[in-house]
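A.B. asks: My questions will all concern the structure given below.
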Amino acid sequence: MNVWVEAARPRTLPAAVAPVLVGTAVADRVSAWRFVAALVVSLSLQVAVNFANDLYDGVRGVDTAARTGPRRVVAAGLVSPGRMKAALVVALAVAATAGLALTVAVGWELLLVGALAILAALGYSGGSSPYASRALGEVFVFVFFGLVATAGSQYVQDGELAWIAVGAAIPVGCITTAILVVNNLRDIPTDGPAGKRTLAVVLGDARTRQLFVALIAAAFAADVVLAVVLASPWPLLALVGIPLGGRAVGRVRRAARGRELVPVLELVGRLTLVHGVALALGLLITVRGR
């Protein structure tokens, strides 16, 4: 695999695609270029977060040989810290360029949102006190790749916020957050000794597993609530993801550890995309049918 593709962690990218699909689906009108720009912003920020995590964890010695997850290119010596910093700047510049185009078209309030998103991406692993090491990583993912990305994708289309976009952001945010939870569950044995106090390290193994199960269950429960509130069965299309979610939950509950959790990450990545596409389709049919 190309080293830069590896560093971008393609299995995490559905977490950037799903919210844009769902948010756009509930918009009253859809501009193709705004959809593409929103997708570019979301994907670029996800890649930037992954690059920053690879860079700073590699420099700080968090990613050691004892780590059981996918290889990190800086820690493995495949990419120098300087080159990774340059790649991080490029990813953020791409996000900023697409975001600026949307700002000009929609409103200058997006400039503030974009600036906060970039600062959050850098602060996740970087700086003197990265908040991923203060048990706040899951909050970042839920807020920015759940609420902001989903509702923001609807906002850039309509120019005003719709409550349905906020409601739809909840199941999306739950599943994208579950990706980070299982990732950090796998890394508890190495993150703790390295001084990286993720939420999983703080909660411990058993309670982190419970959190993962709760997030998957909450996502599907939120889908049902959306269907009830909208008085439409179509959002229930998202329940097509239950088999994938059930397989992931089963493996986590059976105390999978270390490398055994890597396939769980793949399952949740697939769930993110399948659930996002199905929910977007269901909401699109509901909104357009009114």
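The values are calculated or read from the model by the stated rules, or taken from the named source; none is laboratory data. Everything numeric in this text was worked out from a predicted model, so none of it was measured. Reconstructed Cβ throughout: ideal geometry from the backbone, glycine too, with neighbour counts over all protein chains shown.
Yes/no per residue for (1) touching a helix residue (DSSP H, G or I) at 6+ places or on another chain (Cβ under 9 Å); (2) over 21 Å from Ile179 (Cβ atoms); (3) not polar (S, T, N, Q):
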| position | (1), (2), (3) |
| --- | --- |
| Asn53 | yes, no, no |
| Val113 | yes, yes, yes |
| Ser125 | yes, no, no |
| Pro130 | yes, no, yes |
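A.B. asks: Leu88 versus (1) at pLDDT below 90; (2) surrounded by 17 or more Cβ atoms within 10 Å (Cβ to Cβ): which is the lone unmet condition?
C.D. replies: (1)
A.B. asks: If you don't mind, another one. Among the numbered conditions (1) farther than 30 Å from Val201 by Cα; (2) in contact (Cβ under 8 Å) with a residue 12 or more places away in the chain, tell me where Glu160 comes up short.
C.D. replies: (2)
A.B. asks: So, one more: Starting from the stretch 116-127, take each residue that is touching a residue at least 24 places away in the same chain (Cβ under 8 Å) and list its partners that are part of a helix (DSSP H, G or I) and among the hydroxyl-bearing types (Ser, Thr, Tyr), counting only C-beta distances under 7 angstrom and pairs at least six apart or across chains.
C.D. replies: Matching pairs, first to second residue: Tyr124/Tyr131; Ser125/Tyr56; Gly126/Tyr56.
A.B. asks: Of everything in the stretch 119-132, what is in a helix (DSSP H, G or I) and surrounded by fewer than 21 Cβ atoms within 10 Å (Cβ to Cβ)? Give them in sequence order. So that I can check it myself, show each step before the final result.
C.D. replies: Initially, the stretch 119-132 is screened for residues in a helix (DSSP H, G or I), giving 119-125, 131-132.
Of everything in the stretch 119-132, those that are in a helix (DSSP H, G or I) and surrounded by fewer than 21 Cβ atoms within 10 Å (Cβ to Cβ) turn out to be Leu119, Ala120, Leu122, Gly123, Tyr131.
A.B. asks: Can you go through Leu116, Leu147 and tell me which one is farther than 28 Å from Pro81 by Cβ, at pLDDT 85 or above and in a helix (DSSP H, G or I)?
C.D. replies: So the residue among Leu116, Leu147 that is farther than 28 Å from Pro81 by Cβ, at pLDDT 85 or above and in a helix (DSSP H, G or I) is Leu147.
A.B. asks: Tell me yes or no: at least one residue of the stretch 184-197 is in contact (Cβ under 8 Å) with a residue 12 or more places away in the chain, assigned to a helix (DSSP H, G or I) and within 14 Å of the chain's Cα centre (by Cα). Let's see the steps before the verdict.
C.D. replies: Just the residues of the stretch 184-197 that are in contact (Cβ under 8 Å) with a residue 12 or more places away in the chain, to begin with: 184-191, 194-197.
Add one more test, that the residue is assigned to a helix (DSSP H, G or I), and what stays is 184-186, 188-191.
Restricting the remaining residues to those that are within 14 Å of the chain's Cα centre (by Cα) gives 184.
Yes: the stretch 184-197 contains one or more residues that are in contact (Cβ under 8 Å) with a residue 12 or more places away in the chain, assigned to a helix (DSSP H, G or I) and within 14 Å of the chain's Cα centre (by Cα).
A.B. asks: Is one or more of the residues making up the stretch 254-265 among the β-branched types (Val, Ile, Thr), surrounded by 15 or more Cβ atoms within 10 Å (Cβ to Cβ) and touching a residue at least 60 places away in the same chain (Cβ under 8 Å)?
C.D. replies: Checked the stretch 254-265: at least one residue is among the β-branched types (Val, Ile, Thr), surrounded by 15 or more Cβ atoms within 10 Å (Cβ to Cβ) and touching a residue at least 60 places away in the same chain (Cβ under 8 Å).
A.B. asks: Still on this structure, I have one more. Condition first: part of a helix (DSSP H, G or I) and aliphatic (A, V, I, L, M). Now tell me which residues in the stretch 253-275 satisfy that.
C.D. replies: Initially, the stretch 253-275 is screened for residues part of a helix (DSSP H, G or I), giving 253, 258-275.
Scanning the stretch 253-275 gives Leu261, Val262, Val264, Leu265, Leu267, Val268, Leu271, Leu273, Val274.
A.B. asks: If we keep just the residues of the stretch 228-249 that are free of Cβ contacts under 8 Å to residues at least 24 places away in the same chain and small (Gly, Ala, Ser), which is farthest from Ser133 (Cα to Cα)?
C.D. replies: Ala231
Conditions tested, residue by residue: (1) more than 24 Å from Ala27 (Cβ to Cβ); (2) modelled with pLDDT of 95 or more; (3) assigned to a helix (DSSP H, G or I); (4) touching a strand residue (DSSP E or B) at 6+ places or on another chain (Cβ under 6 Å).
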| site | (1), (2), (3), (4) |
| --- | --- |
| Ile179 | yes, no, yes, no |
| Val213 | yes, yes, yes, no |
| Ala217 | yes, yes, yes, no |
| Gly241 | no, yes, yes, no |
